[in-house]
Amino acid sequence: MSIDLTSAPVAEPLSSAPLRPGPVRTGTALRRRYAFDVAIVGLGYVGLPTALALHASGATVLGVDLSQRRLETIRSGRADLLSSDRDRLTAALSDSGFRLSDDPLQLGQAAAVIICVPTPIDQYSTPDLTLLRNACATVADAAVPGQLLILTSTTYPGCTHDLLTLPLQERGLEVGRDIMIAFSPERIDPGNESFAHEDVPRVVGGADEASQQAAEQLLRRYSRSVHGVGSMEAAEMTKLLENTFRAVNIALANEFAEACGILGLSVLDVINAAATKPYGFMPFFPGAGVGGHCIPCDPHYLLWQLRKEHIALPVIEQAMAEIAGRPRRVVTRIREVLASQGKPIAGSRILIVGVAYKADVADLRESPALEILRLLHAQGARIAYQDPLVDRLALGEGVELMSVADPAAFDADLVVLHTDHSAADHAWMTGARLVLDTTYRRTDLPNRVAL
């Protein structure tokens with residue numbers, strides 16, 4: 001495959017692009033020159049903002065993604081981004097120092113390569129390393145002496161060694177001399193404008209001292225703070241701790257919500273009061289479940305790895321079980337609310353408001369709303385949803401839904417508020433029969449029932 005030079009503003013052809021000196025190979029006279037400072041492999045919710053942050057720092061950037069559909073979405077400016085990143089994308093697409101390609105053979109033209117691909121779990125909560133293995137194999141095959149390779153995808157401790165270091169050694173490339181390798185976990189919160197990409201500290205661990213120094217130097221091009229750790233494995237474990245911490249505390253918040261409901265208390269009042277303590281407490285909030293690419297998935301990488309060593313982590317296991325079961329708890333509550341009105345789930349009209357996994361993003365990955373809709377459909381409910389950011393969705397087994405244009409006209413027996421987008425107009429909900437508020441925040445609704 002070749003780079004498309006016509007469908008978007010791109011750099012000059014490689015033969016005439018400005019070249020920069022690359023790292024010197026120790027003990028030889030080899031000095032390689034590169035067309036790009038850095039290549040980003042995978043241009044999703046992590047890769048694209050990373051590419052834009054590096055480009056904004058002055059780096060020349062090659063963005064590689066095998067999906068032509070994704071590349072066209074980016075070229076047309078329709079990618080789901082923060083407003084600040086959208087401005088950066090507009091600037092990047094008009095600059096010759098930013099190029100998009102579906103050709104992984106071009107990776108050898110970059111001084112550094114950063115891998116940003118999803119690491120999901122399957123239906124059995126087992127890590128699915130297919131995308132990561134393929135991406136790392138592609139990068140290892142295309143690697144040239146003098147490059148720096150950084151993996152950012154969340155994974156198990158030792159994965160960077162397994163998927164990058166070992167294949168490169170098999171090619172005869174010596175890490176620290178011929179090539180540099182490091183792991184630096186991504187820290188991007190989709191939809192959150194509060195933390196600019198460059199303001200969030202980057203953790204990084206190198207395969208050796210030379211790799212550590214090279215990786216820190218690259219990351220400092222756009223990040224104001226870089227924290228080095230002693231190894232790639234320590235950096236990999238850091239990301240697992242970050243998101244496992246969040247998973248455990250969200251599970252705890254959900255349990256407190258149940259307890260507060262039984263005792264007739266507002267869980268938000270309790271959490272907000274506890275958050276006034278200036279030390280030793282961090283607020284987490286209950287909801288319909290946990291979605292996205294991190295919290296529902298990442299802890300399972302650690303559980304999976306240690307399960308092979310016959311080691312149990314009961315606190316984490318219980319937290320993940322609670323998180324996994326939360327959508328089913330929502331459906332149980334739906335059944336209770338409908339039963340109080342003399343209605344069964346079968347045949348009832350149920351409207352889910354907001355199906356993205358969090359507010360102000362169009363991301364459906366691991367969204368609890370999907371399982372809630374599947375469970376309701378399986379039990380015979382007449383289901384629909386409304387989300388201004390998600391036009392359509394697939395539930396599997398041939399079931400597809402489109403966002404209703406007029407949610408009030410659906411005339412739902414029960415409205416379930418799942419995701420409350422800041423730009424959404426929910427004034428119509430005051431006229432609904434009942435609203436099950438899984439956000440715990442819409443106490444202004446006169447027809448509200450609590451989860």
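Where a number appears in this text, it was derived from the coordinates with a stated rule and is not lab data. This one's a predicted model, so the numbers in the text were calculated from it and none came from an experiment. All Cβ positions, even for glycine, are placed from backbone atoms using ideal geometry, and neighbour counts span all protein chains on display.
Here are some notes:
- With Cα atoms, 0 to 90° folded angle of helix 130-142 axis to the chain main axis: 10
- Scalar couplings 3J(HN,Hα) for segment 80-96, obtained by applying the Karplus form with A = 6.51, B = -1.76, C = 1.60 to θ = phi - 60°, are 6, 9, 5, 4, 5, 6, 5, 4, 5, 5, 4, 5, 5, 5, 9, 10, 5 Hz; x denotes Gly and Pro.
- Mean-position separation - Cα centroids, segment 59-102 and segment 129-170, in angstrom: 24
- Rg over Rh [alpha-carbon atoms, Kirkwood Rh] for segment 235-285: 1.08
- Packing rank of 287-293, 270-276, where each peptide gets the mean count of other beta carbons within 10 Å, highest leading: 287-293, 270-276
- Cβ-defined net charge surrounding residue 216, 11 Å radius [Lys, Arg +1; Asp, Glu -1]: +2
- Per-selection Rg to Rh, the chain - Cα, Kirkwood hydrodynamic radius: 1.01
- Of the trypsin sites (Lys or Arg not before Pro) found in segment 279-362, those in coil by DSSP whose Cβ has at most 16 other Cβ atoms within 10 Å are 308.
- Ordering 134, 276, 250 by the projection of their Cα atoms onto the charge dipole of the chain, which places +1 on the Cβ of Lys and Arg and -1 on the Cβ of Asp and Glu, puts 276 at the extreme positive end.
- Summed over qualifying helices (DSSP H, 4 residues or more, each -39500 (n - 2.57)) and divided by its residue number, the chain shows a 222 nm mean residue ellipticity of -10500 deg cm²/dmol.
- Annotation note: chymotrypsin sites (Phe, Trp or Tyr not before Pro) in segment 115-204 located in DSSP loop regions with a Cβ neighbour count of at most 14 within 10 Å are 124, 195.
- For segment 205-318, taking Cα atoms only, Rg and Dmax work out to 18.5, 59 Å respectively.
- Loop sites in segment 365-451: GluC sites (Glu not before Pro), DSSP, at most 12 other Cβ within 10 Å: 397
- Crossing angle, helix 232-263 versus the chain [Cα axis fit, 0-90 degrees, rounded to tens]: 10
- In the chain, the longest principal axis of the Cα atoms and the axis of helix 209-219 are about 60 degrees apart.
- Taking the chain and dividing mean pair separation by its residue count, relative contact order in percent (alpha carbons under 8 Å, at least six apart): 10
- Within segment 298-450, the ratio Rg/Rh, alpha carbon atoms throughout and Rh by Kirkwood, equals 1.02.
- Rounded to the nearest 20 debye, dipole of the chain from Cβ charges on Lys, Arg, Asp, Glu: 100
- Spin-label model, residue 225/residue 122: points 7 Å from Cα along the beta carbon direction are separated by 4.0 nm.
- Ranking of 184, 84 by neighbouring Cβ atoms within 10 Å, starting from the fewest: 84, 184.
- Along principal axes, Cα extents of segment 20-230, largest first, whole Å: 47, 45, 33
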